[in-house]
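Novice: If you scroll down you'll find the structure; I have some questions about it.
The values are calculated or read from the model by the stated rules, or taken from the named source; none is laboratory data. Values in this document were obtained by computation on a predicted structure and should not be read as measured data. Neighbour counts are summed over all protein chains in view; Cβ atoms, including those assigned to glycine, are modelled from backbone coordinates with ideal geometry. When the accessible area is computed, the model is the full protein with side chains, heavy atoms only, and any ligands, DNA or RNA have been set aside. Shrake-Rupley method; radii C 1.70, N 1.55, O 1.52, S 1.80 Å.
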Amino acid sequence: MTQRLVHVGLGGQGSTWATDAIPPNVDDGRIEVVAAVDTDPERLERAETHLGLDPERCYTDLETALGERPADVCSVVTPPSTHEPVVETALDHDLHIISEKPIADTLEGSVRIAEKIDDAGKKMGVTMSHRFDRDKATFRRAVAEAGAVDYLTARYTGNVRERGFYADYVYEMADMLLLDGAIHHLDILASLADAPCERVYAETWTPEGADYDGDCAGLVTLHFADGTRAQYEGSYANATTLNGWGHEQFRAECDDQTVVLDRREVERFHADDYRVGNFEGVGRGDGEAVPLADRPHWKNAWLIEQFVDWVEGGEPMATNVDSVLESMAIVFAAIESSETGEAVDVQALLDEARANA
């Protein structure tokens, strides 16, 4: 069955959806785009060009679009602060929803959206796309085969100190590192642990010479209920780029293996292959190479595929809105910790948000 889609948002990431994420699912017969919406009429030309829509199917008002174009699902790729009203309008028209991350720009807003979805009996997926990139998916499978995880590390470091690489709003965000980049990396770390995150400690800052209004560098420590620990290093403003966007390093220390993802290559290091006390150590290329997983689509294109399967009666997608609340709570706990200098109880923060929502 083909799901009729109204696509909302054609700026930055919304344009990428129109070029990379939606068309493969149209070609596969999962999606039919019946309308596109953006408050900027000039952006609607992107829907005509990349989604093949006639001008009369392009709207600047969502209510009008949904009133004139019967649909089954709605994609939300607008600024996070606008997600809640867009979701409400889509629910008023009885639609399922797939949304760009984050769920909302606050934890309370994220909880409200999740509750509204549950109350309406609808389904909502969130495109935590980085977890579903080819190298990260390969790494996750390798870790699952390596036994119990002791601790995890992640590194994302680059030199994008100057304005011009991203949209202006990114440089003006108060918690730029955590809300723009680390939201993906912390989500990946959480997905590798077998238990909820209990507490988070974070320090974030803006290095001298970095042209960001908010913090663009930081260190985050996570502790999970099963005893797994994780450490995250992130920076947009280092002297050089060691592990830039899409080329991050992740490491999992497991029972008898170390599994490493570094610059899109995955390796296993087996304990039995190396003598104890080998202080010279090993380096990249010395381990067992793990072949990259293969499938037709990755990232948001794959997530749309999962979403449609779920809507049509399949298993809930891994990044359904209720599940992603955990990752959202980790991010906002890290923000609070960086402000207070104290570790934050993640589950208590989420419970408080549910009470206040």
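Novice: Within 10 Å of each candidate Cβ there may be at most 13 other Cβ atoms; applying that plus a DSSP loop requirement, which trypsin sites (Lys or Arg not before Pro) in segment 248-357 survive?
Specialist: Here the trypsin sites (Lys or Arg not before Pro) that fit, given the DSSP loop and packing criteria, are Arg263, Arg275, Arg284.
Novice: Within segment 230-297, list the GluC sites (Glu not before Pro) lying in a DSSP loop whose Cβ has at most 10 other Cβ atoms in a 10 Å radius.
Specialist: The qualifying sites are Glu280.
Novice: Could you look at the chain and say what percent of its accessible area is carbon and sulfur, using a 1.4 Å probe and all protein chains?
Specialist: Using a 1.4 Å probe with all protein chains present, the chain comes out at 44 percent carbon and sulfur.
Novice: Now, a different point. Rg to Rh ratio, segment 116-242, alpha-carbon atoms and Kirkwood radius?
Specialist: Value, to two decimals: 1.02.
Novice: Another question, if that's okay. Could you name the lysines whose alpha carbon sits less than 20 Å from that of Lys122, not counting residues in the same chain fewer than 8 places away?
Specialist: Within the straight-line cut-off, Lys122 pairs with Lys101.
Novice: Select from segment 162-232 those trypsin sites (Lys or Arg not before Pro) which occupy a DSSP coil region and have at most 15 other Cβ atoms within 10 Å, ordered by residue number.
Specialist: Arg163
Novice: Filter the chain for me: DSSP H helices, axial length by Cα at least 24 angstrom, mean Kyte-Doolittle hydropathy not below -0.5. List them by residue number.
Specialist: 321-340
Novice: For Arg4 and Glu115, calculate 0.36 nm times their separation in residues minus their Cα-Cα distance, and state this gained length in nm to one decimal.
Specialist: Value of the extension gain: 37.5 nm.
Novice: Also, I was wondering about something else. For segment 1-120, what is the accessible area per residue in Å² when the probe is 1.4 Å?
Specialist: Here the residues of segment 1-120 average 42 Å² of exposed surface.
Novice: Please report how far the C-alpha centroid of segment 47-71 lies from that of segment 312-344, rounded to the nearest whole angstrom.
Specialist: If you average the Cα positions of each part, the centres end up 32 Å apart.
Novice: Take every Cα-Cα distance within the chain, group them into 10 Å bins from 0 onward, and report for each bin the whole-number percent of pairs it holds.
Specialist: Result, from short to long distances: 5, 23, 32, 26, 11, 2, 0, 0 percent.
Novice: Each label point is 7 Å from the Cα along the Cα-to-Cβ direction; what then is the distance between the points at Asp351 and Ala167, in nm?
Specialist: Inter-label distance under the simple model: 3.7 nm.
Novice: Taking 25 °C and 0.890 mPa s as the conditions, I'd like the Stokes-Einstein D for segment 5-75 in µm²/s, using the Kirkwood hydrodynamic radius from alpha carbon pairs.
Specialist: 210 µm²/s
Novice: Alpha carbons only, please: Rg and Dmax for segment 27-184, in angstrom.
Specialist: 18.6, 56
Novice: Regarding segment 178-241, what's the average projected area of the Cα-atom convex hull, expressed in nm²?
Specialist: 4.6 nm²
Novice: Further question: Roughly how large, in nm² to one decimal, is the mean projection of the convex hull of the alpha-carbon atoms in segment 71-152?
Specialist: Answer in nm², one decimal: 7.3.
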